[in-house]
Amino acid sequence: MPDSAPALGPRALAARQALADVPHLPGARKPDPIVIADTVVRRFGGLTAVDVEHVELQRGAITALIGPNGAGKTTFFNLLTGFDQPDEGDWSFDGTSLKGMPSYKVARAGMVRTFQLTKALSKMRVIDNMRLGAGHQKGERLVNAMFPFTWRSQENSITTRADQLLARFNLDAKREDFAGSLSGGQRKLLEMARALMSDPRMLMLDEPMAGVNPALTQALLGHVTSLREDGMTVLFVEHDMDAVRHIADWVIVMAQGRIIAEGPPDSVMHNDAVVDAYLGGHHDQALTTSGVSFTEEAAP
Amino acid sequence: MDWGYIFSVTLQSAFGIEAIVFGLMAIGLNLHFGYTGLLNFGQSAFLAVAAYSLAVLVSDLGFSFWVGIVVGLAMAVVLALLLGIPTLRLRADYLAIVTIAAAEIVRLLVRSVALKDIFGGSDGLRDFSAGFYAMNPIPVGMYSIGPVSLNEDKVFVLIVGWALVVLALLIVWMLVRSPWGRILKGIREDEDAVRSLGKNVYLVKMQSLIIGGVLGCLGGFIYALGYQNIGPDFFGTDTTFFAYAILILGGAARVLGPLLGTIVFWALIQGTDVLLRSGIDAGFPLVAWMSGSQAAVVRYIIVGAGLMLLMIFRPQGILGDRKELALDAR
């Protein structure tokens with residue numbers, strides 16, 4: 001509930017203000033969309049995994065993508081970030097069409113993602129994980145790689161930036177450790193921090209809270225909201241309804257590949273279509289008393 | 001038993017031509033497998049195209065030595081492109097299948113009766129190394145290094161060979177400590193994660209395949225020049241697997257792993273052989289029941305058992321870091 005949420009920063013208030021007049025309907029137009037997708041369809045044989053007619057994501061807002069297991073959230077995520085190509089449809093990021101663009105170019109364009117199953121690069125040190133995240137590195141070109149004088153100064157500034165981000169995410173004590181030795185929650189933090197190294201304009205988080213203990217969840221939520229205050233746009237897939245209610249400015253609900261509802265967290269959670277599709281039942285007392293039965297969807 | 005003789009044979013083998021050839025091969029594989037995680041089971045094909053390019057151009061077509069070397073290097077690049085373009089977009093195991101098949105295709109091609117006029121069939125090719133030895137600045141004579149005595153040509157090829165090993169190690173060392181090398185290690189750990197950070201994984205994998213193949217193909221040149229003839233049967237899959245054994249023995253993803261691996265491996269292979277034979281000659285009851293040719297097989301059993309013990313008690317190899325390996329157990 002909003003009253004239990006942390007105090008909202010100026011950008012959060014601005015995002016909610018901007019979304020206040022948007023109708024609570026699937027495919028609703030946003031005042032300042034950063035991502036626009038049209039008729040994105042992905043079929044696996046006879047199964048239509050994703051069939052999104054139209055969706056817009058508001059710039060500078062935190063948008064949550066929710067839905068029962070198998071709703072197509074992660075597939076849609078993969079399509080937006082170039083990790084999978086749709087059978088039809090077109091989508092754009094900040095005015096640039098991403099259709100057919102390979103995933104690494106999507107990332108270079110400023111839309112960086114994380115993964116549901118955390119991909120910490122185990123046998124690399126935490127600091128090297130961070131350095132890898134930085135974009136436009138001169139020393140990553142083979143012709144320069146053998147000549148350290150071409151990249152040494154850039155490497156130093158990257159390292160400074162990495163240390164700042166590690167401090168912000170409370171990982172500075174782990175700087176020299178192998179990433180594989182971190183706990184599950186710390187890996188989530190590292191993945192988020194690493195994604196920030198490239199200064200993305202939009203961050204796509206696939207289940208950032210999955211498998212993270214409650215104390216660290218609070219820290220993660222704090223980090224996500226602070227990204228919004230830095231001017232970043234965030235889209236995240238999540239099963240944890242508390243998390244969604246706490247930080248999302250806008251919620252998009254998918255079921256069976258389609259978008260069935262949109263709106264601010266409170267309105268969506270009372271939407272009949274959403275209740276029909278699924279809802280994390282015990283999170284919302286008002287709904288349980290209305291006599292609808294729920295089954296809790298466990299995260300995979 | 002003549003311990004001095006046993007020692008000199010072991011020493012000669014540990015720093016001999018085979019140690020150089022397999023060392024260069026393993027240095028290339030280290031970049032492929034150790035750093036990038038590419039399972040290249042066709043490293044012997046890189047040696048074959050280089051050695052045969054040199055031999056065909058010089059011996060059949062009469063070109064100069066350096067033309068042969070340049071074309072040999074170019075052919076190694078072409079082979080890497082041929083292997084990489086269709087497979088590097090796919091999962092790692094496809095590269096393994098394609099490379100092992102490609103290496104066999106190369107070997108069977110140069111061995112074939114139909115192409116005997118070009119590649120010499122199973123007899124192979126000779127008469128291509130005169131241009132190389134003409135550059136030998138070392139005066140004619142026998143040179144003694146400790147208990148080992150070598151002629152001027154042998155000294156020359158060993159000096160050139162070990163210089164190439166040092167050069168290859170230097171290149172690998174400089175590459176893997178660069179940001180480019182960091183991408184390699186990232187790809188080895190999880191290429192999707194590296195892709196999500198905006199890196200062109202396909203390009204970097206291709207670059208790694210080419211560089212590792214070219215470094216390995218230097219071993220093909222040294223093999224051809226050191227023995228002054230080449231035959232197809234050296235370039236079989238067991239050659240590649242020897243190089244893998246060397247890499248894992250020395251420690252994968254360690255710059256000096258292949259160097260230490262090849263020295264130890266060849267010292268063991270030849271050392272156990274000469275030790276067994278000397279034991280048979282001296283009539284030691286433990287080994288006297290064997291013939292000399294049986295001893296040549298038994299040494300592989302002994303070395304193989306030794307490698308197994310190494311994998312059980314020191315799976316990271318001689319230079320590897322146990323902590324790093326333990327991370328996989330999660």
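Values quoted throughout were computed directly from the atomic coordinates according to the rules given, and no laboratory measurement underlies them. Computed from a prediction, not measured in an experiment: that's the story for all the values here. Note: ideal-geometry Cβ built from the backbone for every residue, glycine included; neighbour counts use all protein chains shown.
Using every pair of separate Cα atoms, the Kirkwood estimate puts the hydrodynamic radius of chain A at 20.1 angstrom.
Where only DSSP H runs of four or more residues are counted, the protein assembly as shown gives -16500 deg cm²/dmol as its mean residue ellipticity at 222 nm, each run worth -39500 (n - 2.57). Within the listed set B:S208, B:S129, B:S291, the residue fluctuating most in the Gaussian network model of chain B (springs between alpha-carbon atoms under 10 angstrom) is B:S291. Protection proxy ranking for A:51-64, B:143-156, using the average of other Cβ atoms within 10 Å per residue and placing the highest first: A:51-64, B:143-156. Each of A:D276 and B:F241 was given a label point 7 Å from its Cα along the Cα-to-Cβ line. The distance between the two points is 6.2 nm.
Mean partner shielding of peptide A:139-148, defined as the number of other chain Cβ atoms within 10 Å of each residue Cβ, is 6. Antiparallel versus total DSSP beta bridges in the protein assembly as shown: what percent is that, nearest 5? Here the share of antiparallel DSSP bridges comes out near 65 percent. Can you find, among B:W266, B:V297, A:A248, the residue sitting farthest towards the positive end of the charge dipole of the protein assembly as shown, where Lys and Arg contribute +1 and Asp and Glu -1 at Cβ? Ranked along the dipole, the leading option is B:W266.
Per residue, the average separation of C-alpha pairs within less than 8 Å and at least 6 apart gives the range A:97-239 a relative contact order of 33 percent.
In loop segments of the range B:157-222 as defined by DSSP, there are no chymotrypsin sites (Phe, Trp or Tyr not before Pro) with at most 11 further C-beta atoms inside 10 Å of their C-beta. Counts of other chain beta carbons within 10 angstrom of each beta carbon in peptide B:199-212 average 2. For the residues of A:100-107, the average number of beta carbons from a partner chain within 10 Å of their own beta carbon is 4. Summary value for chain B: 32 percent relative contact order, contacts being C-alpha pairs under 8 angstrom separated by 6+ residues.
Size check on the range B:198-272: the Cα extents along the three principal axes, sorted descending, read 50, 28, 19 Å. In chain A, the longest principal axis of the Cα atoms and the axis of helix A:184-196 are about 70 degrees apart.
What pairs in A:K73/A:K138; A:K99/A:K174; A:K73/B:K323; A:K99/B:K205 have C-alpha atoms more than 30 Å from each other? Distance filter (> 30 Å) returns A:K73/A:K138; A:K99/A:K174; A:K73/B:K323. Taken as entire DSSP H runs, the helices of chain B that both span 30 Å or more between Cα atoms along their own long axis and average -0.5 or more on the Kyte-Doolittle scale are B:65-87, B:152-176, B:201-227, B:257-282, B:292-313. Residue separation of B:V113 and B:L90 scaled by 0.36 nm, minus their Cα-Cα distance, works out to 4.8 nm of gained length. The relative contact order of the range B:18-167, computed from alpha carbon pairs under 8 Å that lie at least 6 residues apart in sequence, is 24 percent.
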